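Participant: For reference, the structure I am asking about is given below.
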Amino acid sequence: TAANLALATHGERLILTIEAAALRIYRDVAIREAIKVAEAAFAEVENAPMDAADRAEAERIYVRIILIAATYYEIGPEEGNKGRDRLPALAQQLEWAGRIDEALAARFTYAERLETLSARLEALAKLADEAVKADRPNLAGEAHVVRAEQLLTAGAPSDEIRAALDTAAALYAEINHLHGPIDVRRIRANLAIERELASPDALEACLEAYRRVDF
């Protein structure tokens, strides 16, 4: 509410402003506008006292905007890569401040955006280990699901893909995750369709399961 916003610190208002700009991308595909809003928000608080972790979180969200802009060719790839390469330092700052979920989110975005498959797979595996240590099995499961998808796209051996999916399934089972197991089933179905000439019925069943999940 407006009252709550008025009571917010400079850092909290900065985060909320940039998060709102990021949401406009998904709602209105307003990528350039989001960048302008974020840059203006940073300029407005340039000399304001602010918690370092709040600034790091705001920058993390801004990097997310920059990476979307690079994906849709609104900015050049070099600028996108420059933003991506800021994420490890931001993650470290967030971790020092005890903001574990935000730190892991920064590392996840970084891992997914690395340029080579081998680098992405290594970073995602490392992220999954860190998420397990931080008691975030849902995030660890998601990292292994993304690894499995990338392995499938790259034509990796089926056993390697199944191993990633088995690990993800076990992690999701620990917390009775709602849609994670459906993601695992979907990739297993795609694997079977592509390499074992299986019927697409299993994939249709996954899509139906997604529709039934109450998010």
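Participant: Once ligands and nucleic acids are excluded and a 1.4 Å probe is used, how much of HIS179 is accessible, expressed in Å² to the nearest 10?
Facilitator: Answer for HIS179: close to 60 Å² accessible.
Participant: Of the listed values (1) 27, 21, 18; (2) 39, 17, 14; (3) 35, 19, 18, grab the one calculated as semi-axes √(5λ) of the Cα gyration tensor in Å from the structure here.
Facilitator: Computed from these coordinates, semi-axes √(5λ) of the Cα gyration tensor in Å corresponds to label (3).
Participant: What angle do you read, to the nearest 10 degrees and between 0 and 90, between the alpha-carbon axis of helix 158-174 and the longest principal axis of the chain?
Facilitator: 60
Participant: Compute the acute angle (0 to 90°) between the alpha-carbon long axis of helix 10-28 and the principal axis of greatest extent of the alpha-carbon atoms of the chain; round to the nearest 10°.
Facilitator: 50
Participant: Hey, what angle do you get for helix 201-212 against the long axis of the chain, alpha-carbon based, 0 to 90 degrees rounded to 10?
Facilitator: The two axes meet at around 40 degrees.
Participant: Another one. Just need log10 I(q)/I(0) for the stretch 108-198 at q = 0.16, 0.17, 0.23 Å⁻¹, Debye formula, equal scatterers on the alpha-carbon atoms, no solvent, rounded to two decimals.
Facilitator: -0.59, -0.66, -1.13
Participant: Something else about it: Just to make sure I understand: if all protein chains stay in place, what is the order of TYR73, TYR110 by accessible area at 1.4 Å, largest first?
Facilitator: Ranked list, largest accessible area first: TYR73, TYR110.
Participant: Measure out, as a whole number of angstrom, how far apart the alpha-carbon centroids of the stretch 53-85 and the stretch 133-156 sit.
Facilitator: 22
The values are calculated or read from the model by the stated rules, or taken from the named source; none is laboratory data. As the structure is a prediction and not an experimental result, all values here were calculated from the model. What goes into the accessible areas is simple: the full protein's heavy atoms, side chains included, and nothing from ligands, DNA or RNA. Shrake-Rupley method; radii C 1.70, N 1.55, O 1.52, S 1.80 Å.
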